[in-house]
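Here the structure is laid out as structure tokens; the discussion comes afterwards.
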Amino acid sequence: MHRRSLLGVILSVALAACASGSLSSAPAPKGEGMVAAADPRAVEAGLEMLRRGGTATDAAIATMLVLGLVEPQSAGVGGGGFLVAYDKRTRDLAAYDGREQAPAGATPALFLGADGKPLGYRDAVLGGLSTGAPSLVAMLEMAHRENGRLPWADLFAPALRLADEGFVISPRMAALVAGAARLGALKDDPEARAYFFDAAGAPLTAGTLRTNPAYAATLRAIARSGARALTQGPIADDIVETVQRAPRGGTLSLADLRAVKPRKLEPVCGAYRAYTVCGMGPPSSGGVAVLSILGLYERARPAPVGAADADDWSAYLWASRLAYADRDHYVADDQVVPVPTAGLTDPRYLTARASEIDLSKAPLRVQPGDPSITVGGPSLLDRWGRDTPGDTPGTTHLSVIDGDGNAVALTATVEGPFGSHRMAGGFMLNNQLTDFSFAPEKNGKPVANAPGPRKRPRSSMAPTIILDAKGDLAAVIGSPGGSAIIGYVAKTIIGVIDWNLTMQQAIDLPNLTARSDTVRAETTRMAPGVEAALTARGWKIAPTGATEASGLHGFRVTPQGLDGGADPRREGVARGTGR
Ligand code: DON
């Protein structure tokens, strides 16, 4: 966000600031840094950079490169991501878009079979059809050019050590390899088969020490040549051959690899109580939808009570339902379709939309709203067909603060676990294109998020930075989880701001995802009586266990120091450098 407009939001927040909220306005004590991420080895890589005087961006990149090795099911060189950065000195924020892009050969019918019906999982996901041009490394390179301090090549040292000397396979990675094996996936691809299975064809087990020489070679090439190593030369050739290979080959070409460019954007910011919440705009729906949930929740609960209060949860569910309906309908690649970001996050629109909330009952059917009311233009509602796509769980989020108080929120992904299940250069190739709506039309109207040539699929990733009324850093958070990311992140923000929880307590709160009529809920984590109260109001609660696998990693800045949290549903940690 340009400095002036960000300051505008902060100023209006400051003027409207009430006493509510538990986040402190104290700056991080000089010298303290923290990394919260999905694997302790990745966190240590980030801390190593911070201890060497690196910036939050340096640490985030080193952390990410290790995650690409030890958590290949989630994210890496063959995928994409979004990064939001806070500059302590200027108090400015920047958003970096590293979303994958469809090849020029992609058509709206990309995921339709010969019968005109949407393809099933195997045909859509397991192969090159689903792979977009990777953009994560190019985005990290751009962020490093602007915000890095350590030499680019130095950031690769921890990942190279682990790839060369070996790392221990974690229980989560082993379980996901075994799950893929049960589906008959991964084994189809020669490189993935050789890497994830032993000579007898048995999947890797937890505790096994593994080296990844191919990934080490890729990292050395990127350390030397930057993202160019992935768009020309042997690694690029390998990517293209692997994607195009039959069966289920895609059209991704060298020209497509070179066509994707990272972008530096303004974050999408909005007021929440006494704070300013900033996230990623289109092609992610994350920032817009998190702000929608928070804005609607704030209007429904001017005086929230706490995590054991059924009215609070009812308001959260209502806010989620309304926000998801708008997100599903309107948000897509802003370079290809017009996205009413300003309208959807406009306080007047949120106030009008919040008037639909009735905490005494559950909504019958939720329709998208019409944000054109804020500008008085023609209705936007009927421009698009109503789309309600699904998604599967393979993404990672990390939050970093350096000793100078600069911060980074980075969410990165290969989309589903192990992406397209095809491997090149020691890394997984994404299946990000399945984030497009498979059906390009609904009720005779185009769907905003339909596939298209060189288009970016809509994301839900929501790397989020929260500032206090003075513009000082208050918290950083984000998560994997497909479209549920939006709810996970909003829940955690409500936890720390409204319910006076620590970051860890807020992460531990039950995940309740109200995207459709049925609410997916971690009922075993809910406070006594809340599930019964919600059911009595008509909410259809479907208990879920491991399927609500958020991976929330973040921290608050408090007068006592940094308060970090890592999601118990995954394998991460939040660790400080010490002062
Ligand atoms: O960009 C997105 O929103 C999805 N591809 C993210 C997928 C995801 O988070 C899977 N998580 N566990």
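The selection criterion, being in a loop (DSSP other than H, G, I, E, B), touching a helix residue (DSSP H, G or I) at 6+ places or on another chain (Cβ under 7 Å) and within 16 Å of the ligand (Cβ to nearest atom), does not hold for ALA104. If you go through region 500-510 one residue at a time, do you hit one that is surrounded by 24 or more Cβ atoms within 10 Å (Cβ to Cβ), outside any loop (DSSP other than H, G, I, E, B) and β-branched (Val, Ile, Thr)? Yes; the residues of region 500-510 include at least one that is surrounded by 24 or more Cβ atoms within 10 Å (Cβ to Cβ), outside any loop (DSSP other than H, G, I, E, B) and β-branched (Val, Ile, Thr). So is VAL366 more than 16 Å from the ligand (Cβ to nearest atom) and part of a strand (DSSP E or B) or not? No. Of all residues in region 312-324, none are within 21 Å of LYS361 (Cβ to Cβ), not in a helix (DSSP H, G or I) and not assigned by TED's automatic domain parsing to the domain that holds GLN101.
Here PRO451 meets each of (1) at pLDDT below 95; (2) surrounded by fewer than 24 Cβ atoms within 10 Å (Cβ to Cβ); (3) within 16 Å of the ligand (Cβ to nearest atom) with one exception, condition (1).
The condition of being at positive phi, modelled with pLDDT of 95 or more, surrounded by fewer than 24 Cβ atoms within 10 Å (Cβ to Cβ) and assigned to a loop (DSSP other than H, G, I, E, B) does not hold for GLY31.
Per-residue answers, yes or no, for (1) crowded, with 24+ Cβ neighbours inside 10 Å; (2) within 14 Å of ALA342 (Cα to Cα); (3) outside the structural domain of ILE486 (by TED's automatic domain parsing); (4) of a type in the set (Ser, Thr, Tyr):
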residue: THR231; (1), (2), (3), (4): no, no, yes, yes
residue: ALA236; (1), (2), (3), (4): no, no, yes, no
residue: GLU241; (1), (2), (3), (4): no, no, yes, no
residue: ALA246; (1), (2), (3), (4): no, no, yes, no
residue: ASP256; (1), (2), (3), (4): yes, no, yes, no
residue: ILE293; (1), (2), (3), (4): yes, no, no, no
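Evaluating ASP517 against the criteria (1) modelled with pLDDT of 95 or more; (2) under 20 Å from TRP318 (Cα atoms); (3) charged (D, E, K, R) leaves one unmet condition, (1). Among the conditions (1) assigned to a helix (DSSP H, G or I); (2) surrounded by fewer than 24 Cβ atoms within 10 Å (Cβ to Cβ); (3) modelled with pLDDT of 95 or more, ALA94 misses just one, which is (1). In region 517-574, the qualifying residues are those that are hydrophobic (A, V, I, L, M, F, W, C) and either within 19 Å of ALA412 (Cα to Cα) or in the same structural domain as LEU176 (by TED's automatic domain parsing) (or both), and the one that is surrounded by the most Cβ atoms within 10 Å (Cβ to Cβ) is LEU552.
The values are calculated or read from the model by the stated rules, or taken from the named source; none is laboratory data. Quick caveat, the model's predicted, so the values are computed rather than measured. Every residue, glycine as well, gets a Cβ built from its backbone with ideal geometry; the counts of neighbours run over all protein chains shown.
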